[in-house]
Amino acid sequence: MNRFNEDIPSEINELQILLNLDLGHNILIGQLPSQLAQLQCLETLNISHNRFVGSITSTFDSTTLTSVDRSYTQFEAFPIQEPKSSRCKE
C-alpha cells in the first residue's frame, strides 16, 4: 500500500523502464490515466482494491503488458492484447 489518494501522480510516465507496477490497496478513484500507456516496458499491473471505474479498450495496445489484477475495481472491460516482445530486458 502506498496510500496514494484520488489520483495517480502524473510523473509516473517518467519511469520508462518500469516492469511491474503495484498500485493495489490505495484510495485511487476515477479513470485509469492514459500516462500508464506510456510505460512501454510495463509487464504486470496491480490496480486492485481501488475505486477505478469505466471501460478501457485500447490504452495499453502498444505496451508489453501481460498481467493485470483489477479485482475489486469497477472496470467494465480491460482487455489484454497479445504481449509485444519486450525491448526492455537484455
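Numerical summary
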{"quantity": "Ordering of 12-25, 31-44 by packing [mean C-beta count within 10 Å, highest first]", "calculated": "31-44, 12-25"}
{"quantity": "Approximate spin-label separation S71-I29, in nm, with each point projected 7 Å along Cα-to-Cβ", "calculated": "2.5"}
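Coordinate-derived values only; no laboratory data. Owing to the predicted nature of the structure, the values given are computational and were not obtained by experimental measurement. Every residue, glycine as well, gets a Cβ built from its backbone with ideal geometry; the counts of neighbours run over all protein chains shown.
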